[in-house]
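Values in this text are rule-based calculations from the coordinates and carry no lab data. Since we're looking at a predicted model, the values are computed, not measured. Here the Cβ positions follow ideal geometry from the backbone for every residue, glycine too, while neighbour counts run over all protein chains shown.
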């Protein structure tokens, strides 16, 4: 059932990669080392789920791909920066990411810190770029949405901070949901909502899109936690069970594997219900929602 | 001669601090640790030179203080983030900053990395904020200007990268000017130009403001290098001579102390000449230009 979605995602990833290639300085631009490190991590083979959500949402609401691409790519840059910094020795201390040495393993810590900073900064530069057909008011709204989602309050950095603070402690389900909602959920929500803003969605539509995104964001994180427990290193491209050994907060650790799978399925069913009730071309988004947990069930 | 400017800067710093206090989450907001770390570094007693340049430039061209403050504060947040990351063990490994323990010394490395990330992100959030009287088109232009100056190409991160790459090597004057222009100059230029954009400056005015800012930016960095050679630890609030012992690229190391002082004075004279030729209230900017090197001559 998810085969068409898999093909769709692969096609979109290629398209997104072409844009990303154009939106980040080439390796020959000085200082070369920083651009090499940025591109190394950016093109390490991510699924491009977040930018694809921006494209699929915006297109479902009638926006053109070209209008959506800069924002979609900016979101992927922010995602990549967060992975580079999370992998650092002072943070999660990971040597492998997507089967390859992490940025600091390949380029050293100083360069990895700066490469992360640079991807975050470049993301906002791209979001503020002077592209044809841009609408300044919508552009500012998108920047506000994304900066909030990447920030500290119920957002990306806040989630990572809480995750680190709770390492080595047993966390309850409320703290766990807070971490998931912030660390993964906020940017997934921003990916979807950004597509809506660019397409000129109504307030009611943005609200529904937010509800849809909140559910697939949590489902995605639960699926990720499940995969960490059940996968081999080869499948995962990173050290499996790492979250467990470091006593990191994961969904299966608190609720068990079967309850986690059930909860992820429920969330996706709810998400599909919400999106299909909107008067838009929702099939692609439904497919992506189902795909989000397909890897883990 | 610089006494009135000193009073002026102190007054503006107070004003800026009040706005910064309102524009960054309070310590009681969760996750508290990240907000404590952000505020610790943000309120560690900087001179607020960059935001003051934004205010002074914008006001000289007729803008209201309230219109300028969010952007001015965002620039200071970016400056603070760059200091936090530069001080990290993997980078310059500094224990002291403005006479106090650096962020990672006070809060640990993970929190310091995240606090830097968070200040950078919050800066863009503030720049995209929905303040009264904002003009979305100008707002986007300001974000583009600042993101470019904080980036990798002839900009903040690129300068820090080149600085680190050249540590322990003898650098020539061309490389040194590149590092200074990128690492310090770009954000000082953005501070001035941002004031101009918000005030609705003409292309010709922006050009002159850029020439003015380029000169005081370089003069400022030369003065900073001179201070590092001539000051005691107490005056400086950090370990003096550190740049020299690490064979860091500094202006006096290449050109000698006297030639450095002469060059800084020439640059400021040129800057004053440029700004006084503009048909604006330029006295405050002239005073700031002279103040920039007053500490070192």
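Restricting attention to the range B:175-193, does a residue exist that is at the interface with chain A (Cβ under 8 Å from one of its Cβ atoms) and surrounded by fewer than 22 Cβ atoms within 10 Å (Cβ to Cβ)? No, the range B:175-193 contains no residue that is at the interface with chain A (Cβ under 8 Å from one of its Cβ atoms) and surrounded by fewer than 22 Cβ atoms within 10 Å (Cβ to Cβ).
Could you tell me whether residue B:151 is at the interface with chain A (Cβ under 9 Å from one of its Cβ atoms) and part of a helix (DSSP H, G or I)?
no
Picking from residues in the range A:122-139 that are free of Cβ contacts under 8 Å to residues at least 40 places away in the same chain and at the interface with chain B (Cβ under 8 Å from one of its Cβ atoms), the one that is surrounded by the most Cβ atoms within 10 Å (Cβ to Cβ) is A:128. Only a single item in (1) away from chain A (no Cβ under 13 Å); (2) touching a residue at least 40 places away in the same chain (Cβ under 8 Å) is not met by residue B:210, and it is number (2). Evaluation of residue A:25 against the conditions (1) within 14 Å of another protein chain (Cβ to nearest Cβ); (2) in contact with a helix residue (DSSP H, G or I) (Cβ under 6 Å, 6 or more places away or on another chain); (3) in a helix (DSSP H, G or I) shows that the sole unmet condition is (3). In this structure, residue A:146 does satisfy being under 19 Å from residue B:77 (Cα atoms), in contact with a helix residue (DSSP H, G or I) (Cβ under 7 Å, 6 or more places away or on another chain) and either within 13 Å of another protein chain (Cβ to nearest Cβ) or surrounded by 23 or more Cβ atoms within 10 Å (Cβ to Cβ) (or both).
Mind checking which residues of the range A:33-72 are in a helix (DSSP H, G or I), more than 14 Å from every other protein chain (Cβ to nearest Cβ), without any contact (Cβ under 8 Å) to a residue 60 or more places away in the chain and over 22 Å from residue A:279 (Cα atoms)? The one that is in a helix (DSSP H, G or I), more than 14 Å from every other protein chain (Cβ to nearest Cβ), without any contact (Cβ under 8 Å) to a residue 60 or more places away in the chain and over 22 Å from residue A:279 (Cα atoms): A:69.
Comparison of B:119, B:114 shows that the only residue that is over 25 Å from residue B:205 (Cβ atoms), in contact (Cβ under 8 Å) with a residue 12 or more places away in the chain, buried (at least 22 other Cβ atoms within 10 Å of the Cβ) and within 8 Å of another protein chain (Cβ to nearest Cβ) is B:114. Within the range B:157-174, the residues that satisfy the criterion of being more than 8 Å from every other protein chain (Cβ to nearest Cβ) and either touching a helix residue (DSSP H, G or I) at 6+ places or on another chain (Cβ under 8 Å) or in contact (Cβ under 8 Å) with a residue 40 or more places away in the chain (or both) are B:159, B:163, B:166, B:167, B:168, B:169, B:170, B:171, B:172, B:173. Can you find even one residue in the range B:17-33 that is surrounded by 22 or more Cβ atoms within 10 Å (Cβ to Cβ), over 17 Å from the mean Cα position of the chain (by Cα) and within 21 Å of residue A:156 (Cα to Cα)? Yes; the residues of the range B:17-33 include at least one that is surrounded by 22 or more Cβ atoms within 10 Å (Cβ to Cβ), over 17 Å from the mean Cα position of the chain (by Cα) and within 21 Å of residue A:156 (Cα to Cα). Do we find a residue being touching a helix residue (DSSP H, G or I) at 6+ places or on another chain (Cβ under 6 Å), within 8 Å of chain A (Cβ to nearest Cβ) and free of Cβ contacts under 8 Å to residues at least 60 places away in the same chain anywhere in the range B:86-103? Yes.
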